[in-house]
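A short worksheet on the structure shown next.
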Amino acid sequence: MKIVIPELDNPIIKEALVSFPDLNVIPAPSLESAVNLIVEKKADSMVSGIDYSSRDVLLACKDKIELSSRFFSSCFVAKKNGKRLIIADGGVNKIPSKEQLYTIVEDSAKTCETYLEETPKIAMLSYSTKGSGGKNPDLEKIYYVIEKIKKDHPEWEIDGEMQLDAAIDPRIGEKKVKGSTVAGHANVLITPDLNSGNILYKSMEHLGGWTMAGPILQGFEVPLADLSRGSSVEDVILTIDVIVKSLERNK
């Protein structure tokens with residue numbers, strides 16, 4: 001298991017790696033050279049981004065590393081006081097089409113199975129709960145995704161559209177979405193666009209005190225991490241842990 005990290009001189013990376021004394025880490029002088037090591041099968045994964053923008057990381061990866069899904073996306077693994085959540089997509093897709101939104105849900109649910117080792121309970125987040133907000137093209141995309149996921153992946157649980165409080169608070173979930181097995185108990189939160197996803201994860205991290213792994217880039221043939229430039233040591237540790245577990249699961 002070899003992980004290439006092109007920013008090994010960053011002090012936050014150095015401190016985080018103390019928690020992984022047995023990890024086989026490969027240096028690289030640049031982002032492009034790190035990606036080349038992936039392409040040449042000399043590295044199994046990459047953790048980068050703490051000194052690069054997400055745009056830089058995605059441009060380096062998207063035309064060189066093969067996709068395993070129709071589209072690529074990102075998710076965050078959020079952790080606080082023993083509670084863990086998957087949040088997507090807060091890093092890549094600006095205004096996803098219904099097909100892109102479906103792929104975001106599918107790959108985020110698989111990340112949930114891999115890292116959380118839980119059955120995905122997927123909440124499709126919105127300003128609206130079960131039609132309370134009236135009609136909107138964004139809601140039609142959500143309904144499409146819900147029906148297709150139910151058909152393609154009956155082993156998962158999915159519901160929506162619903163507001164954030166209904167998704168994560170059992171009392172509010174029961175009041176707003178009676179009888180739902182997802183409302184109040186969601187472990188995968190899907191936002192409708194990049195604006196809401198990015199604001200949600202940064203609010204949780206900087207106002208709510210959650211540790212955030214990622215963005216974890218999904219849909220590529222190897223697990224990849226595009227760290228936020230604001231990542232803390234704890235964020236990096238959690239990110240590396242997600243990548244390591246993904247590699248172990250893919251053996």
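Here are some notes:
- Ser68 paired with His153, simple spin-label distance in nm, labels 7 Å along Cα-to-beta-carbon: 1.3 nm
- Between Leu207, Leu125, Leu217, the Gaussian network model of the chain with springs among Cα atoms under 10 angstrom shows the greatest mean-square fluctuation at Leu207.
- DSSP-loop GluC sites (Glu not before Pro) across the stretch 129-232, with at most 15 other Cβ within 10 angstrom: Glu155, Glu221
- Residue with peak Gaussian network fluctuation, the chain [Cα springs, cutoff 10 Å], from Pro96, Pro21, Pro29: Pro21
- In plain terms, the C-alpha convex hull of the stretch 5-103 casts an average shadow of 7.9 nm² when viewed from every direction.
- Exceeding the 26 Å Cα-Cα cut-off - candidates Lys41/Lys83; Lys64/Lys110; Lys148/Lys251; Lys41/Lys148; Lys2/Lys98: Lys41/Lys83; Lys148/Lys251; Lys41/Lys148; Lys2/Lys98
- Every Cα-Cα pair in the stretch 70-218 was counted, and those over 19 Å apart are 46% of them.
- FRET efficiency estimate (nearest 0.05) - Cβ-Cβ, Arg171 to Asn250, R0 45 angstrom: 0.70
- nm² value of the averaged projected area, convex hull over the Cα atoms of the chain: 12.8 nm²
- For a paramagnetic label modelled on Leu8 (point 7 Å from Cα along Cα→Cβ), amide N atoms under 18 Å away belong, within the stretch 28-67, to 28-52.
- The stretch 149-251: C-alpha gyration tensor shape, a/c 1.5 cut-off, then a/b vs b/c: oblate
- Take every DSSP beta bridge whose two residues both sit in the chain; close to 40 percent of them are antiparallel.
- Rounded to the nearest 20 debye, dipole of the stretch 70-218 from Cβ charges on Lys, Arg, Asp, Glu: 300 debye
- Fluctuation leader among Pro137, Pro223, Pro154 - the chain, Gaussian network, Cα springs under 10 angstrom: Pro137
- Checking every one of the GluC sites (Glu not before Pro) in the stretch 1-107 against DSSP loop status and a limit of 16 other Cβ atoms within 10 Å picks out Glu40, Glu66.
Bear in mind these aren't lab numbers, they're just calculated from the coordinates by the rules spelled out. Not measured: the values here are computed from a predicted model. With ideal geometry, Cβ positions are generated from the backbone for all residues, glycine too; neighbour counts draw on all protein chains shown.
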